[in-house]
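Enquirer: Submitted below is the structure of interest, expressed as structure tokens.
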Amino acid sequence: MELLISPSVLSCDFANIQRDVEMINNSTADWFHVDVMDGVFVPNISFGFPVIAAIKKHATKPLDVHLMIEDADKYIEEFKNAGADILTVHFEACRHLHRTIQAIKAAGMKAGVALNPHTPVDLLSDVIEDLDLVLIMSVNPGFGGQKFINNAVLKVEQAKNLIHRRGSRALVEVDGGVNLETGLELVKAGADVLVAGSFVFNSKDPAATIEALKSLK
């Protein structure tokens, strides 16, 4: 399948968020990656429902919402109402993961599960057939602009193998430290979706940077 690019709006210019949303709309990007942090599961706080709804109002592409929060089950309907198309929860934050996945799907969204750098891929073996997305964290979650953790490449291969063995249709997404060099390694390992934040928004021409990522093979 064609490589998908999901620019992380956590790295956009918050004073000009509509401008950056329009840039993504007009680029070759496929999704908007929206990070939600609660200051509990990760040591940072980010977007709430009003900001997600504001992005959705102007976005012409799916919202790929990544929850780095405790007790996501409380808010599934609210994220749907705010405009999430894909909702990804963390394995490490979900006490009853299967129930959470089913609740996301029942709300009409695609369901993803994210794995922190220390979490083995095989822990998803009992839910892999229910997933639309496996998100491999290639940095420790919480902040943008971190250095890429090389073991993520191996984890992409492991996730892809698990998906194929079990007949799952889940996509493999990678988030953290993605640039042209690391992106190429990840694509070769089997990544389907690349999230890029600071690499895109700190570049001189974000749309051209998205195009360069999109062209990786």
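Enquirer: If each residue's Cβ is checked for other Cβ atoms within 10 Å, how do 209, 28 rank with the fewest at the top?
Expert: Exposure proxy ranking, most exposed first: 28, 209.
Enquirer: In a GNM of the chain with a 10 Å cut-off on Cα contacts, which of 104, 45, 55 has the highest mean-square fluctuation?
Expert: Maximum among the listed residues: 45.
Enquirer: Do you know the relative contact order of the chain, to the nearest whole percent, from alpha carbon pairs under 8 angstrom that are 6+ apart?
Expert: 22 percent
Enquirer: Starting from the Cα of residue 154, step 7 Å along the direction of its Cβ; do the same at residue 51; then give the gap between the two resulting points in nm.
Expert: In this crude label model, residue 154 to residue 51 measures out at 3.5 nm.
Enquirer: Further question on the same structure: Let's test the formula: R0 of 35 Å, r as the Cβ-Cβ distance of residue 126 and residue 28. What FRET efficiency results, to the nearest 0.05?
Expert: After rounding to 0.05, the efficiency reads 0.45.
Enquirer: Distance between the C-alpha centers of segment 27-92 and segment 138-183? Whole Å please.
Expert: 19 Å
Enquirer: What does the charge dipole of segment 153-211 about its Cα centre add up to, to the nearest 20 debye, if the Cβ of each Lys and Arg holds +1 and the Cβ of each Asp and Glu holds -1?
Expert: In total the dipole reaches around 380 debye.
Enquirer: If you don't mind, there's one more thing I want to ask. Around residue 41, under 11 Å between beta carbons, what's the net of Lys plus Arg minus Asp minus Glu among the other residues?
Expert: -4
Enquirer: Between 151, 179, 140, which gets the highest mean-square fluctuation from a Gaussian network model of the chain, Cα cutoff 10 Å?
Expert: Most flexible of the set in this elastic network: 151.
Enquirer: Hey, quick one: spin label on residue 60, modelled 7 Å out along Cα-Cβ, who in segment 14-52 has an amide N within reach, i.e. under 11 Å?
Expert: Counting backbone N atoms under 11 Å from the label point, the list is 22-28.
Enquirer: For segment 29-40, take each phi angle, set θ = phi - 60°, evaluate the Karplus expression 6.51 cos²θ - 1.76 cosθ + 1.60, and give the result in whole Hz per residue in order, putting x for glycine and proline.
Expert: Going residue by residue, I get 4, 10, 9, 9, 8, 10, 8, 10, 10, 10, x, 10 Hz, with x marking Gly and Pro.
Enquirer: Let's see if you can work this out: charge +1 on each Lys and Arg Cβ, -1 on each Asp and Glu Cβ, no other charges. What is the dipole magnitude of segment 4-214 about its Cα centre, in debye to the nearest 20? Spell out each step's value before the answer.
Expert: On the way: 19 positive and 27 negative charges, 50 e Å.
Magnitude of the dipole: close to 240 debye.
Enquirer: Follow-up. Of all the C-alpha pairs in segment 4-214, what % are more than 23 Å from each other? Don't skip to the answer; put the middle values down first.
Expert: On the way: 8753 of 22155 pairs.
The proportion of pairs with Cα distances above 23 Å equals 40 percent.
Enquirer: Still on this model: Could you identify which residue out of 183, 144, 108 has the top mean-square fluctuation in a GNM of the chain using Cα springs shorter than 10 Å?
Expert: 108
Enquirer: Follow-up. Can you compute the modelled spin-label distance between residue 99 and residue 169, with each label point 7 Å from Cα toward Cβ, in nm?
Expert: A separation of 2.7 nm, rounded to one decimal place.
Enquirer: Shifting gears a bit: Quick one: if the Förster radius is 25 Å, what FRET efficiency do residue 81 and residue 143 give, using the C-beta to C-beta distance and rounding to 0.05?
Expert: 0.35
Here, each number is a calculation from the coordinates, and none is a lab measurement. Predicted model, so just to flag it, every value in this text is computed and none were measured. For neighbour counting, all protein chains shown are included, and Cβ atoms are generated from backbone atoms with ideal geometry for every residue, glycine included.
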